[in-house]
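Asks: Attaching a single structure in structure tokens format; questions to follow.
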Amino acid sequence: MSTGGYPFEGDTIFLLFENIGRGVFTIPPSIDTDLANLLRGMLAHDPHHRLDIPQIKLHRLLESYFSAITSFVNLIHLLIPAG
């Protein structure tokens, strides 16, 4: 979604599934470092090294995203009185 492409590639469907099974994927160098780190953690081949949902929620990238949203919502609550 972030690049407009898929992380796993293969010239044939067989090679595509082989790369998925082996955990062979590419992240373009133009991707933000935090996003690349999150994607690597989510797509890790070894399940013991793969991020789980709580770890994803606490990831630096999402933490900063949710922090910005929370700040925006708090600002809206200050500007628009409840009721």
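The values are calculated or read from the model by the stated rules, or taken from the named source; none is laboratory data. All of these numbers come straight from a predicted model, not from anything done at the bench. Cβ placement follows ideal geometry from the backbone for every residue including glycine, while neighbour counts extend to all protein chains displayed.
Asks: Suppose we keep only residues that are modelled with pLDDT under 80 and either among the small types (Gly, Ala, Ser) or within 27 Å of GLY21 (Cα to Cα) (or both) within the stretch 69-83. Which one would you say is surrounded by the most Cβ atoms within 10 Å (Cβ to Cβ)?
Replies: ALA82
Asks: Restricted to the stretch 33-68, and to residues that are of a type in the set (Val, Ile, Thr) and loosely packed, with under 10 Cβ neighbours inside 10 Å, which residue is nearest to PHE8 (Cα to Cα)? Step through it out loud before you land on a result.
Replies: Taking the stretch 33-68 and keeping what is of a type in the set (Val, Ile, Thr), we get 33, 53, 56.
Narrowing the set further to residues that are loosely packed, with under 10 Cβ neighbours inside 10 Å leaves 33, 53.
Numbers: THR33: 19, ILE53: 21 Å.
The selected residue is THR33.
Asks: For the stretch 9-27, name all the residues that are surrounded by 14 or more Cβ atoms within 10 Å (Cβ to Cβ) and more than 10 Å from HIS45 (Cβ to Cβ).
Replies: GLY10, LEU16, ASN19, ILE27
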